[in-house]
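Only one structure is covered here, and it is reproduced in the block below.
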Amino acid sequence: MSQDTLTPDSVPTADGMPVLGLGTWQNEDHDQCADSVATALEMGYRHIDTAQAYGNEAAVGDGIAQADVDREDVFLATKVWISNLAHDDVLSSTEASLEKLGVDYVDLLYVHWPSGEYDPEGTLSALDQLVDGGKVKNVGVSNFEPEHVDEAIETLDADVFANQFECHPLLPQEELRAHCDDAGVNVVAYSPLARGRVFDVPEVQRVAEKHDASAAAVSLAWLREKGVTVIPKATSEDHIRDNWTSLSVDLDADDVAAIDAIDERERAVDPDFAPW
């Protein structure tokens with residue numbers, strides 16, 4: 001597929017979720033964030049990811065409003081922060097998120113971490129209530145280890161739609177991905193470029209040279225080959241476009257094997273409250 005023929009319809013989907021989205025973590029300047037969201041949507045992106053903790057839901061909402069794209073065509077996800085995970089706080093903070101985003105519903109609402117005020121019964125029953133009320137289309141979890149995923153599946157009435165966690169060539173997360181696949185849970189990768197560290201990996205560089213593509217585009221294409229949805233953060237039009245071109249990169253079995261063989265392991269996100 002040539003870059004010139006890429007359209008929103010070029011983006012594969014996983015249960016209706018476009019497998020390439022725009023991440024907005026650390027995109028805190030209101031105008032810049034709104035512009036990057038609008039730029040991505042005008043380019044063809046149809047999946048936007050934010051979170052209460054990012055402090056930019058209002059900017060994301062403004063970006064969606066600026067773009068000449070219908071709301072129902074945008075797959076919009078946000079996350080409930082760990083201090084808002086008590087039952088009633090999930091409900092009230094989600095209402096606040098919807099107001100900031102300027103929308104009536106989100107397509108996917110994640111539990112950001114199984115930490116802080118997280119209580120499976122209380123937290124997840126609130127998510128079910130939001131689904132029943134039409135405020136949330138799908139329920140997801142983030143940074144959940146296999147045992148947390150299983151517990152959520154057992155506790156929720158709704159399906160666990162996705163587990164979002166760090167995943168990239170330096171942290172492939174084979175076991176967690178396999179567990180989610182077996183459970184019918186979509187995998188969404190944050191920090192899919194390891195915060196830029198993949199750019200310096202020789203195996204990725206060699207595959208990028210072969211395809212006349214960037215290391216970023218190759219890393220995203222590698223994750224797509226694994227059935228993983230990616231939400232790389234980007235603010236400039238150039239970076240947003242470069243990530244978009246990953247859709248035109250078709251890796252062969254040798255390319256995938258070369259990146260699979262990377263033995264370096266590095267986790268970019270590792271807070272004290274992480275469950276691992």
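The values are calculated or read from the model by the stated rules, or taken from the named source; none is laboratory data. All of these numbers come straight from a predicted model, not from anything done at the bench. So basically every Cβ, Gly included, is an ideal-geometry build from the backbone, and we count neighbours across all protein chains shown. Accessible surface areas use protein heavy atoms only, side chains included; no ligands, DNA or RNA. Shrake-Rupley method; radii C 1.70, N 1.55, O 1.52, S 1.80 Å.
Out of segment 218-276, which trypsin sites (Lys or Arg not before Pro) are coil in DSSP terms and have no more than 13 other C-beta atoms within 10 Å?
ARG265
Suppose all protein chains stay in the model; what accessible area per residue would a 1.4 Å probe give for segment 215-276, in Å²?
Value for segment 215-276: 45 Å² per residue.
Grab the Cα-Cα distance for SER83 and ASP212, subtract it from 0.36 nm times how many residues apart they are, and report the gain in nm with one decimal.
Stretched fully, the SER83-ASP212 segment lengthens by 41.9 nm.
Before anything else, pin down the relative contact order of the chain: Cα pairs under 8 Å, at least 6 apart, normalised by residue count, whole percent.
Relative contact order for the chain comes out at 19 percent.
Return the long-range amide H neighbours of TRP81 (sequence gap of 5 or more, or a different chain), with a cut-off of under 5 Å between placed amide H atoms.
GLN52, ALA53
Please state the Cα pair-distance histogram of the chain with 5 angstrom bins from zero: what percent is in each bin?
Bins of 5 Å from zero give 1, 6, 14, 17, 19, 17, 13, 8, 3, 1, 0 percent of pairs.
Enumerate the calculated ³J(HN,Hα) couplings along segment 181-197 in order (Karplus 6.51 cos²θ - 1.76 cosθ + 1.60, θ = phi - 60°), each rounded to whole Hz, writing x wherever the residue is Gly or Pro.
4, 5, 8, x, 9, 5, 9, 10, 9, 9, 6, x, 10, 6, 6, x, 5
With all protein chains present, how much of the accessible area of the chain (probe radius 1.4 Å) comes from carbon and sulfur, to the nearest whole percent?
41
Compute the semi-axes of the equivalent ellipsoid of segment 136-193, taking the square root of 5 times each eigenvalue of the Cα gyration tensor, and list them largest first in whole Å.
Semi-axes, largest first: 20, 12, 8 Å.
Please work out the average accessible area per residue across segment 35-95, using the 1.4 Å probe convention, and give it in Å².
Ligands and nucleic acids excluded, the figure is 34 Å² per residue.
Run the 1.4 Å probe and let me know the accessible area of ASP263, rounded to the nearest 10 Å².
Spelled out: ASP263, probe radius 1.4 Å, area about 140 Å².
Can you tell me which of 64-71, 48-55, 186-193 comes out highest on packing, and rank the rest after it, using the mean Cβ neighbours within 10 Å?
In decreasing order of mean packing, 64-71, 48-55, 186-193 become 186-193, 48-55, 64-71.
Gain in length, GLN129 to ASP31, computed as 0.36 nm per residue apart minus the alpha-carbon separation, to one decimal in nm?
31.9 nm
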